[in-house]
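J.: Quick one: the structure is below, questions incoming.
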């Protein structure tokens with residue numbers, strides 16, 4: 001009788017231990033904090049599933065409509081988050097790994113709006129190039145979710161997760177147009193250099209964890225504020241490697257080498273999306289990690305950012321001047337803009353963060369609108385990107401030329417546009433942080449950058465038929481050849497013909513007028529929205545400035 005009782009007790013004990021072993025601790029989750037990411041990723045999965053289940057490739061119009069609806073849904077949820085943060089304050093979720101504050105909400109609004117605009121721009125491009133399916137939309141939404149996650153991250157592991165989600169989708173998007181060799185070459189370069197930067201970033205996380213014992217941003221800040229490291233070499237090395245990883249993602253000099261080739265090779269709508277979203281996600285994490293976690297060590301990293309900002313401003317503006325390809329010019333322009341955002345980071349203050357956020361938000365509309373126009377002008381094959389293609393555009397398509405000129409002048413920083421106030425805000429933040437020489441360099445680079453923006457604007461309004469470059473007639477070439485000597489005149493003629501063909505491959509025959517490009521109505525809507533935001537909030541800046549001011553970093557324990 002006793003043995004069965006002992007067996008029963010033993011079985012009961014095993015059952016109890018099994019029950020305890022089966023219990024999984026789940027941290028409290030406030031789903032509102034991650035709803036935009038869930039909507040973007042979930043929407044991408046649903047769209048991919050629908051594409052795989054239908055017999056024929058999904059129509060571009062349907063894929064665009066679904067993408068815009070999904071993006072606007074996440075956009076609306078972001079404003080719900082904003083109302084929640086403004087009423088209840090900032091908070092953390094998922095075991096303090098994700099933070100919800102005004103900073104993350106502003107980046108979410110930016111990214112979701114950029115996704116919707118990019119989908120509208122891409123529709124005409126995909127139809128023109130004969131590309132069916134929703135793969136571009138799916139990849140772009142996945143990449144956008146990574147950028148949102150980087151803004152919400154309160155842990156270095158989450159930052160890395162968002163960085164990889166953002167980057168891997170962009171590698172594929174860069175190579176999306178398989179008909180162009182430049183697209184594959186740019187993607188390969190981006191992938192190789194991006195892999196190196198990711199490895200460096202992970203090593204920086206490991207060193208930071210070794211020095212502080214945590215990867216949580218709030219706990220790192222708490223540790224550094226209550227402890228003085230006698231030997232801080234490990235922490236400084238980790239911080240330096242993190243800086244390299246972020247510098248690559250935001251295209252800061254000298255980590256900018258990939259930018260011109262990738263911008264030139266990628267499909268033009270993807271280039272605009274990349275310039276807006278990748279820069280926003282990269283700078284969001286950059287600002288949060290260095291100001292929120294490493295704020296105590298600002299005296300160690302601010303001088304480095306100071307030097308990086310100067311190099312980025314000068315190199316971006318200087319090399320943009322000599323570019324003939326409009327996409328390469330805008331690539332170096334984006335590098336110059338990254339230098340201005342670095343001014344806000346270098347200030348290491350609430351005003352600096354607010355100015356950087358305002359710059360990123362306004363720049364998104366300027367750059368997507370600009371690349372939308374470039375997409376239209378690029379024509380079939382997406383090759384007509386030499387600036388000579390823009391000669392006389394105002395006579396052929398006055399409205400398109402006016403919009404492009406306005407967006408370029410906004411990037412140059414002319415008054416009554418958001419571009420003027422963005423530059424003014426970051427320069428004031430730099431002056432307040434006693435970095436006057438840096439502010440002077442920024443103003444000089446802005447004056448230099450105005451040259452290449454104005455060059456394109458003037459070219460569009462210059463008289464001319466937009467003809468291809470014609471080689472000199474053979475009769476006008478001086479032949480200095482003779483018996484046994486090369487015919488230099490014939491060689492020059494051949495070189496002239498070859499250079500003209502390579503320079504304007506998509507241009508019309510000599511003597512013919514450059515054809516007008518039809519603007520698809522979705523691209524027209526996107527361009528109109530970008531121009532309206534750029535001009536309206538340039539004349540009435542208070543709402544956007546107030547939005548950026550309220551979205552400064554909120555420190556949550």
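J.: Over region 124-200, what is the relative contact order in percent, taking alpha-carbon pairs closer than 8 angstrom and at least six residues apart? Can you show the working numbers first?
T.: Working: 65 pairs, mean separation 18.0, N = 77.
Relative contact order, region 124-200: 23 percent.
J.: Fully extended, how many nm does the chain gain between residue 257 and residue 38 (0.36 nm per residue separation, minus their Cα-Cα distance)?
T.: 75.5 nm
J.: Only Cα pairs under 8 Å and at least 6 apart count here; give the relative contact order of the chain as a rounded whole percent.
T.: 15 percent
J.: Per-residue ellipticity at 222 nm for the chain, helices alone: DSSP H runs ≥ 4 residues times -39500 (n - 2.57), over residue total, nearest 500 deg cm²/dmol?
T.: -24000 deg cm²/dmol
J.: If N is the number of residues in region 257-333, what value comes out of its Cα radius of gyration divided by 2.2 N^0.38 Å?
T.: 1.31
J.: Follow-up question, since we're still on this one. If I take R0 = 25 Å and measure r between the Cβ atoms of residue 61 and residue 451 in this structure, what FRET efficiency does the formula 1/(1 + (r/R0)^6) give, to the nearest 0.05?
T.: The value I calculate is 0.05.
J.: Specify the angular offset, from 0 to 90 degrees and rounded to the nearest 10, of the alpha carbon long axis of helix 233-249 from the longest principal axis of the alpha carbons in the chain.
T.: Taking the Cα atoms of the chain, the angle to 233-249 is about 40 degrees.
J.: How would you rank 304, 527, 205, 148, going from fewest to most other Cβ atoms within 10 Å of each one's own Cβ?
T.: 304, 205, 527, 148
J.: OK, next. Going by the alpha-carbon gyration tensor, a ≥ b ≥ c the square roots of its eigenvalues, is the chain rounded (a/c under 1.5) or, if a/c is not under 1.5, prolate (a/b greater than b/c) versus oblate?
T.: Judged from the Cα gyration tensor, the chain comes out prolate (a/c at least 1.5, a/b above b/c).
J.: What shape does region 67-177 take by its C-alpha gyration tensor, where a ≥ b ≥ c are the square roots of the eigenvalues and a/c under 1.5 counts as rounded, a/b above b/c as prolate, and the rest as oblate?
T.: It comes out oblate by the Cα gyration axes.
J.: How do the peptides 66-73, 267-274 rank, highest first, by the average count of neighbouring beta carbon atoms within 10 Å per residue? Mind dumping the intermediate values first?
T.: Numbers: 66-73: 20.5, 267-274: 28.8.
Put in order of decreasing packing, that is 267-274, 66-73.
J.: For region 359-432, take the convex hull of the Cα atoms, compute a quarter of its surface area, and give me that in nm², please.
T.: Approximately 5.8 nm², given one-decimal rounding.
J.: If R₀ is 22 angstrom, what is the calculated FRET efficiency for the pair residue 434 and residue 297, using the beta carbon separation as r and rounding to 0.05?
T.: Values: r = 18 Å, r/R0 = 0.82.
The pair residue 434/residue 297 has a calculated efficiency of 0.75.
J.: Suppose R0 equals 30 Å. What FRET efficiency, 1/(1 + (r/R0)^6) with r the Cβ-Cβ distance, do residue 24 and residue 49 give to the nearest 0.05?
T.: Values: r = 28 Å, r/R0 = 0.94.
So, using R0 = 30 Å, E works out to roughly 0.60.
J.: Let me ask something else. Output the peptides 419-425, 117-123, 383-389 sorted from most to least packed, where packing is the average of other Cβ atoms within 10 Å over each peptide's residues.
T.: 117-123, 419-425, 383-389
J.: Related question: Arranged from highest to lowest average of other beta-carbon atoms within 10 Å per residue, in what order do the peptides 360-373, 215-228 appear? Walk me through the intermediate numbers first.
T.: Working: 360-373: 27.4, 215-228: 16.6.
My ranking of the peptides, most packed first, is 360-373, 215-228.
J.: Please report, to two decimal places, log10 I(q)/I(0) for region 141-285 at q = 0.09, 0.11, 0.13 Å⁻¹ as given by the Debye formula with identical point scatterers on the Cα atoms and no solvent.
T.: Here the Debye-derived log intensity ratios amount to -0.30, -0.43, -0.57.
J.: If I fit a long axis through the Cα atoms of helix 298-320 and take the longest principal axis of the Cα atoms of the chain, what angle between them do I get, 0 to 90°, rounded to 10?
T.: So the inclination is approximately 20 degrees.
J.: Right, another one. Under 4 °C and 1.567 mPa s, how fast does region 304-429 diffuse according to Stokes-Einstein, given a Kirkwood radius computed over C-alpha pairs? Answer in µm²/s, whole number.
T.: The Stokes-Einstein estimate is 85 µm²/s.
J.: Calculate how steeply helix 60-88 sits against the longest principal axis of the alpha-carbon atoms of the chain, using the helix alpha-carbon long axis, and give the answer as 0 to 90 degrees to the nearest 10.
T.: The angle comes out at about 50 degrees.
Computed from the coordinates by the stated procedures, all read-outs in this text should not be read as laboratory data. Keep in mind that this is a model prediction, so the values were computed, not measured. Note that we place each Cβ from the backbone using ideal geometry, even for glycine, and neighbour counts take in every protein chain shown.
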